[in-house]
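Enquirer: Encoded as structure tokens, here's the structure I'll be asking about.
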Amino acid sequence: MPKQRYVILRARPDQGTTDIASGTKSQFPERAPAFWVDSGELTRAEVRMLAGETDVIAVAPVMPARVVAPVRPRDRRAATRQRKPGRRLPSRGAGAKGLTRDSWGIAEIGADLSTVGGAGVRVAVLDTGIDANHKAFGGVKNWSQRNFTLEAGMQDTSGHGTACAATIFGQDVHGARIGVARDVRDVSIGKICRNDAHHSTDTELIFKGLEWAALDEGVQVISMSVAVDFTKKVEDLVVDQHLPRRQAVSLALEAYRATVRMFDALMDTIRARIPYDGGAVVVAAAGNDSTLDFKVGTGIPGAADGILSVGALQEAPGDTDGPRIVPFYSNTFVTLVAPGERIKTARSGGNLTVASGTSLAAPHVAGAAALWWQYLRESGGPADSRSVVGRLLESATSANIAVSTPAEDRGAGVVRAPPA
């Protein structure tokens with residue numbers, strides 16, 4: 001077998017610890033658990049030798065990944081006609097007449113009634129970049145941006161990263177509220193997706209983005225709407241290395257398992273930092289791969305231990321106040337669900353747009369996590385990632401979800417913002 005590229009998770013000592021209350025770095029000698037992401041072209045023999053090094057936590061072949069692209073309106077309409085003949089998807093907020101209406105997801109999770117807005121919480125978005133000049137981000141005071149691709153510039157050519165970020169912390173546009181945590185002022189934007197047609201990425205870029213956000217930036221909330229692409233890994237082995245498909249599937253499965261273990265190990269390290277800097281809540285979209293004929297389980301990173309996997313929720317048919325449903329495309333075995341169908345948000349280049357998919361649901365949970373961070377800090381309780389995740393799961397509700405929805409499709413229920 002020829003050499004292939006591997007990503008290596010290594011342990012490293014941190015440079016001091018961070019005081020959770022003030023956010024400042026201390027100079028005490030106590031070391032917080034930390035990691036750094038290495039990579040290289042290796043043979044299998046070299047990988048076996050590498051695994052014996054004392055600082056190596058995990059090793060995995062680099063796997064292709066992609067942005068969790070929004071679901072196209074044409075696909076949604078076709079599927080809805082098959083499922084419920086004569087019914088149309090809700091149109092709230094679409095078109096010029098709905099320009100000044102709040103995104104329906106804000107009220108759905110109770111963010112409109114919450115007395116906190118995410119003040120003092122730093123949020124990271126690992127995606128396709130951002131249109132930082134959009135009026136939705138006029139409230140951000142402290143920007144940190146980093147491009148992990150080999151392409152120049154942070155421009156968001158797809159608009160995906162801009163839409164996700166605006167759903168988390170965007171300011172009102174044209175009088176319409178689109179952001180869950182509007183008081184977030186400290187933002188870290190990691191561009192991990194390329195500008196190609198599929199806005200591709202890979203696990204090396206994802207892991208390096210997580211290292212930067214969790215350790216270098218010290219954020220409290222990380223949002224990702226990307227998915228590891230197992231099928232493409234198989235095709236790459238067949239086409240590029242001319243392997244028989246059966247062997248390619250076996251090798252891709254081996255790489256997938258190793259990648260899951262690496263995500264698990266990385267999350268273990270982030271959780272181990274809770275006594276030092278509070279840790280970070282990591283949120284990921286479940287994916288839009290399910291169909292009317294079969295359900296697809298949440299892939300990685302969402303399937304990794306400790307990452308909150310988020311499925312989509314849509315309004316009742318006919319735009320009524322009836323029970324909400326999980327749309328057909330939302331992947332199953334999720335942690336939580338959140339509004340993800342016809343979400344009003346910022347469009348790269350200016351103005352507003354409406355988009356659907358679990359990639360829009362995940363930012364609702366990230367925004368709610370920011371609200372809970374502030375709420376717990378101000379209430380005098382423990383403000384760390386474990387406490388925030390606990391509140392997110394405890395407060396979630398299935399009361400307004402159609403009773404026919406399987407438990408694995410709704411998880412703990414619809415995410416909720418802190419109470420007034």
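The values are calculated or read from the model by the stated rules, or taken from the named source; none is laboratory data. Keep in mind that this is a model prediction, so the values were computed, not measured. Reconstructed Cβ throughout: ideal geometry from the backbone, glycine too, with neighbour counts over all protein chains shown. Only protein heavy atoms, including side chains, enter the accessible area calculation; ligands, DNA and RNA are left aside. Shrake-Rupley method; radii C 1.70, N 1.55, O 1.52, S 1.80 Å.
Enquirer: Out of the residues in region 138-160 that are free of Cβ contacts under 8 Å to residues at least 60 places away in the same chain and open to solvent by less than 50 Å² (accessible area, probe 1.4 Å), which is farthest from Ser225 (Cα to Cα)?
Expert: Residue satisfying both the conditions and the ranking: Gly139.
Enquirer: Go over the candidates Gly279, Gly287, Gly302 one by one and state the one that is modelled with pLDDT of 95 or more, more than 25 Å from Asp216 (Cβ to Cβ) and crowded, with 18+ Cβ neighbours inside 10 Å. Please lay out each step first, then the result.
Expert: Numbers: Gly279 fails: more than 25 Å from Asp216 (Cβ to Cβ); Gly302 fails: more than 25 Å from Asp216 (Cβ to Cβ).
Residue meeting the stated conditions: Gly287.
Enquirer: Here is a list: Ala111, Ala79, Ala94. Which entry is part of a loop (DSSP other than H, G, I, E, B), modelled with pLDDT under 50 and small (Gly, Ala, Ser)?
Expert: Criteria check complete, one pass: Ala94.
Enquirer: Kindly evaluate Phe207 against the criterion of being touching a Gly at 6+ places or on another chain (Cβ under 7 Å) and open to solvent by less than 30 Å² (accessible area, probe 1.4 Å).
Expert: On the way: touching a Gly at 6+ places or on another chain (Cβ under 7 Å): no; open to solvent by less than 30 Å² (accessible area, probe 1.4 Å): yes.
Answer is no for this residue.
For every residue, the table says whether it meets (1) part of a helix (DSSP H, G or I); (2) farther than 19 Å from Gly306 by Cα; (3) without any contact (Cβ under 8 Å) to a residue 60 or more places away in the chain; (4) open to solvent by 40 Å² or more (accessible area, probe 1.4 Å).
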position	(1), (2), (3), (4)
Pro363	yes, no, no, no
Gly367	yes, no, no, no
Arg377	yes, yes, no, yes
Pro418	no, yes, no, no
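Enquirer: Among the residues of region 314-323, are any in contact with a strand residue (DSSP E or B) (Cβ under 9 Å, 6 or more places away or on another chain), surrounded by fewer than 24 Cβ atoms within 10 Å (Cβ to Cβ) and of a type in the set (A, V, I, L, M)?
Expert: yes
Enquirer: Look through Thr231, Thr167, Thr203 and report the one residue that is under 16 Å from the mean Cα position of the chain (by Cα) and over 23 Å from Val354 (Cα atoms). Working first, answer last.
Expert: Working: Thr231 fails: under 16 Å from the mean Cα position of the chain (by Cα); Thr167 fails: over 23 Å from Val354 (Cα atoms).
Of the residues listed, the single one that is under 16 Å from the mean Cα position of the chain (by Cα) and over 23 Å from Val354 (Cα atoms) is Thr203.
Enquirer: Here's a follow-up. Determine the pairs where a residue that is under 9 Å from Ile189 (Cα atoms), located within region 122-133, has a partner that is surrounded by 23 or more Cβ atoms within 10 Å (Cβ to Cβ) and aromatic (Phe, Trp, Tyr) with Cβ atoms under 8 Å apart, the partner being 6 or more residues away or on another chain.
Expert: Pairs that qualify, where the first residue is under 9 Å from Ile189 (Cα atoms) and the partner is surrounded by 23 or more Cβ atoms within 10 Å (Cβ to Cβ) and aromatic (Phe, Trp, Tyr), are Val123/Phe169.
Enquirer: I'm checking my understanding of the structure. Among residues of region 328-339 that are in contact with a strand residue (DSSP E or B) (Cβ under 9 Å, 6 or more places away or on another chain) and either over 14 Å from Pro363 (Cβ atoms) or without any contact (Cβ under 8 Å) to a residue 40 or more places away in the chain (or both), which one is surrounded by the fewest Cβ atoms within 10 Å (Cβ to Cβ)?
Expert: Our first condition is that a residue be in contact with a strand residue (DSSP E or B) (Cβ under 9 Å, 6 or more places away or on another chain); within region 328-339, this holds for 329-339.
Add one more test, that the residue is either over 14 Å from Pro363 (Cβ atoms) or without any contact (Cβ under 8 Å) to a residue 40 or more places away in the chain (or both), and what stays is 329-335.
Numbers: Tyr329: 24, Ser330: 31, Asn331: 28, Thr332: 22, Phe333: 19, Val334: 28, Thr335: 23.
So the residue we want is Phe333.
Enquirer: Test Asp268 against the stated conditions and say whether it is open to solvent by 20 Å² or more (accessible area, probe 1.4 Å) and within 22 Å of Ile8 (Cβ to Cβ).
Expert: Numbers: open to solvent by 20 Å² or more (accessible area, probe 1.4 Å): yes; within 22 Å of Ile8 (Cβ to Cβ): yes.
Here the answer is yes, as Asp268 does meet what is asked.
Enquirer: Could you say which residue among Thr345, Thr353 is open to solvent by 10 Å² or more (accessible area, probe 1.4 Å), in a strand (DSSP E or B) and at pLDDT 95 or above?
Expert: Numbers: Thr345 fails: open to solvent by 10 Å² or more (accessible area, probe 1.4 Å).
Answer to the check: Thr353.
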